[in-house]
Each structure stands twice: as C-alpha cells, then as structure tokens.
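Student: One structure is given below, represented as structure tokens, and several questions about it will come after.
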Ligand code: PEP
C-alpha cells in the first residue's frame, strides 16, 4: 500500500512570530515545485497564527507541539484543542519525549490527548521511543508495544487511519546520534505490527510512521528508503529553511 510521505518540522521553543514568518518566506519558494511529500510545520503556540497566515494557499499544514485534552478549563499555561483549531492548526504533536521527560507526561495522558484530538478533528502526530537504557537492556520492542497499547486505548480503528506516529528513540533526539536505517526500519515494523494487533490491518497499513532523531539532509534519504519509514519528524535541522527543504526533497 502506498502512503504519501510526510515531513514535519518541530521547532520546539525556538522562533518568535516574526522569525517564524521569515522562515516561511524563505522556505516556500524552495518547496514550491515539490508534490511528493506532505509538509507540516509545528511552531510554538505563540507563532501558530503567524505561520497559518504565512503558509496560506501553499498546501503546507500547521500543527501544535502539544495540547491539553480538555476543551477549556482552569489549566493555566495550557492550550486546548479548540484553540488549536480556531487558529487554523490541523495537526498536533502528542507525547514528544521532551514532554514526557521534562513535564512528566505519562502514556495515560498521551492517550487522553489522542482521544481529544480525534474528537476535535485534529490529526495527532504520536511520538513514542525508547531511552538509551531501555535499548541497552534489550527492551526496545517491549517499550514500543506498551507505549502503543496505552496510547491507542479506546481509539476507533476508522479514526486511526489518518493518524501519524513518530518513532523517536530518545537517545537520538538532538544528540547527533541517529538510529541506523535498519534499526529504525525494525522499530517501525514492530510499531505497525502492534497497530495491526490493536486496531486491525487496515488502520495499520494507512497510518504513517515517521522517524525522528537527528534527521539531517545527509541522512534523510537512507532512512526514507526503508519501506516502513513514511517520512520524518525533524527538530534541529528544520529551523533553517534550506536545510529543511533539502530533507523534504531527499
Ligand atoms: C524532535 O524534536 O522531534 C527531533 C527529532 O529533534 P532532532 O531532529 O533535533 O533530533
């Protein structure tokens, strides 16, 4: 089954609205001709409106980097799915390892956020991945299967067909260390098999599974050549328009 590649930029806590607009101005002409991949830009919440306006009519989608599962409430500092929708976002990253590591997000919270994203018609980009200790202890597959199982609890198979998952080994994020294409390919195979067990073959075949972890212009194509890898979630190398356009073009 052919899945359209998706390349997503996670700008983390970088770029003011003006800097985000400047990025888009330089980036659009660099990718104007390409139709092979879908592109999603995920700026900070404060820059979402500026990026949505800047990419208008370009076919590029915009996503949040996180959200609360509640639609509104007394949750100081949080962003709700209704707010993401209102500003024009169509996607949302859920369960990024930095959220899990620094903000104590659990698999159960990730699950609540996914169910809320579905309810609010936002496409979740669900991040899972093992730490270095877990990999060295031979627990990679076990961790991925557990993260998938809890994340996808209560999800209706049909609604999962548009989901995006991202395999992001924690030891490869922002470290310059990348999983080899074979390591990533195997992890993606485990994830897709688990989705098939939980939600059925149709959803598993439709879901796009991105690789994330120190993707750069010079390693993007080797990773993308793995049949189980459907694109990339890119942090550091997405901050520069030229470098990100080269990854989109790999
Ligand atoms: C990320 O933040 O999701 C990521 C993969 O970061 P980097 O590309 O910098 O490793």
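Residue-wise test of (1) away from the ligand (no atom under 16 Å from the Cβ); (2) surrounded by 15 or more Cβ atoms within 10 Å (Cβ to Cβ); (3) closer than 22 Å to residue 115 by Cβ.
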{"site": "145", "(1), (2), (3)": "yes, yes, yes"}
{"site": "182", "(1), (2), (3)": "yes, no, no"}
{"site": "194", "(1), (2), (3)": "yes, yes, yes"}
{"site": "199", "(1), (2), (3)": "yes, yes, yes"}
{"site": "209", "(1), (2), (3)": "no, yes, yes"}
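Student: Before we move on, is residue 56 in a helix (DSSP H, G or I), out of contact with any helix residue (DSSP H, G or I) (no Cβ under 6 Å at 6 or more places or on another chain) and either without any contact (Cβ under 8 Å) to a residue 60 or more places away in the chain or loosely packed, with under 15 Cβ neighbours inside 10 Å (or both)? Don't jump to the end; show me each part of the working.
Tutor: Details: in a helix (DSSP H, G or I): no; out of contact with any helix residue (DSSP H, G or I) (no Cβ under 6 Å at 6 or more places or on another chain): yes; either without any contact (Cβ under 8 Å) to a residue 60 or more places away in the chain or loosely packed, with under 15 Cβ neighbours inside 10 Å (or both): yes.
When the stated conditions are applied, residue 56 does not pass them.
Student: Look through region 1-21, keep the residues that are out of contact with any helix residue (DSSP H, G or I) (no Cβ under 8 Å at 6 or more places or on another chain), within 16 Å of the ligand (Cβ to nearest atom) and part of a loop (DSSP other than H, G, I, E, B), and return whichever of them is nearest to residue 92 (Cα to Cα).
Tutor: Checked region 1-21; the qualifying residue nearest to residue 92 (Cα to Cα) is 13.
Student: For region 190-223, give me the residue count where each residue is farther than 20 Å from residue 175 by Cα and in a strand (DSSP E or B). So that I can check it myself, show each step before the final result.
Tutor: Filtering region 190-223 down to residues farther than 20 Å from residue 175 by Cα leaves 190-209.
The next check asks that each one be in a strand (DSSP E or B); those that pass are 208-209.
Result for region 190-223: 2.
Student: In addition: Restricting to region 77-97, name every residue that is closer than 12 Å to residue 113 by Cα, more than 12 Å from the chain's Cα centre (by Cα) and touching a residue at least 40 places away in the same chain (Cβ under 8 Å).
Tutor: Selection gives 81 alone.
Student: On to the next question. So in region 101-119, with the set limited to residues that are out of contact with any strand residue (DSSP E or B) (no Cβ under 8 Å at 6 or more places or on another chain) and within 16 Å of the ligand (Cβ to nearest atom), which one is farthest from residue 152 (Cα to Cα)?
Tutor: Within region 101-119, the first condition is being out of contact with any strand residue (DSSP E or B) (no Cβ under 8 Å at 6 or more places or on another chain), and the residues that meet it are 101-109, 111-112, 115-116, 119.
Applying the additional criterion that residues be within 16 Å of the ligand (Cβ to nearest atom) yields 101-103, 105.
On the way: 101: 20, 102: 22, 103: 21, 105: 15 Å.
It comes out as 102.
Student: Also: I'm trying to understand the selection: among the residues of region 224-245, which are assigned to a helix (DSSP H, G or I), surrounded by fewer than 22 Cβ atoms within 10 Å (Cβ to Cβ) and within 14 Å of the ligand (Cβ to nearest atom)?
Tutor: 236, 237, 243
Computed from the coordinates by the stated procedures, all read-outs in this text should not be read as laboratory data. Only a predicted model underlies this, so the values are computations on that prediction, with no experimental measurement involved. Don't worry about glycine lacking a Cβ; one is built from the backbone with ideal geometry, like all the others, and counts go over all protein chains shown.
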